[in-house]
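In what follows, a structure is listed as structure tokens, so that the remarks can point back to it.
Bear in mind these aren't lab numbers, they're just calculated from the coordinates by the rules spelled out. Being a predicted model, the structure only gives us computed values, none of them experimental. Please note: Cβ atoms are built from the backbone with ideal geometry, for glycine as well, and neighbour counts cover all protein chains shown.
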Amino acid sequence: MRKAVAVPLSLLGLGVAGLGYATVVERNWFRLRRFDVPVLPAGVRPIRILQISDLHLTPGRTRLINWVRSLASLDPDLIVNTGDTLAHPDAIPAYMHAVEPFLDRPGLFVYGSNDMYSPRFKNPVRYLWRTSKADSRRALPDLPWQELGTAMTSAGWLDMNNSTARLKVAHLDIHVGGINDSHIDLDRYDQIAAPA
């Protein structure tokens, strides 16, 4: 009888521990990864690019907002936001406050699916048998992605969703291209295809 009760209780305890880890530890474990990508000719001073991705921001995420602001100490030459910025309809002011220290620098952005569609609970085990591409989406976006784009372009950042552009970054004139989110079939590589 004890064994019959111990197994379900152990599984319940494991589930609670996993949920606790995901909602307390993982949610507040922000990461900065550094990579050197040697693509410039020898003797050319390197540039520093800060990529911001997957913030899934809500208005009350003060710790995350302050962490993003602290990245200004890295003194990046270019900021690239690769999407999934929002997780709440009222998060745009919080995001703009987070990136405020970078708004005097060149910036680029593309949308992620979570800039258009609010988060929904998903069983994480499902990733073992299917990809996120199979997820069904609501017919219309329910997050203010257009307002997010307007806020960033008003700050001087370039909207790179299925687009190309040239810009000055530090001492370099660079040509860039970006695509919209491929998880929801908004990527249009044919619109940015060109020789490097």
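A few comments on the model shown:
- In order along the stretch 96-102, the Karplus-derived 3J(HN,Hα) couplings, from 6.51 cos²θ - 1.76 cosθ + 1.60 at θ = phi - 60°, round to 5, 5, 4, 9, 3, x, 9 Hz, and Gly and Pro are given as x.
- Applied to the stretch 160-173, the Karplus parametrisation 6.51 cos²θ - 1.76 cosθ + 1.60 on θ = phi - 60° returns per-residue 3J(HN,Hα) values of 9, 5, 6, 8, 10, 7, 10, 8, 8, 10, 6, 9, 10, 9 Hz, with x for Gly and Pro.
- Between the alpha-carbon centres of the stretch 54-73 and the stretch 140-179 there is a gap of 20 Å.
- Shape box of the stretch 47-191 [Cα atoms, principal axes, largest first, Å]: 47, 40, 28
- Cut-off under 5 Å, modelled amide H: who pairs with VAL80 long-range: LEU50, GLN51, ILE52, LEU108
- Take the Cβ atoms of GLN51 and ALA139, set R0 to 41 Å, and the FRET efficiency comes out at 0.85.
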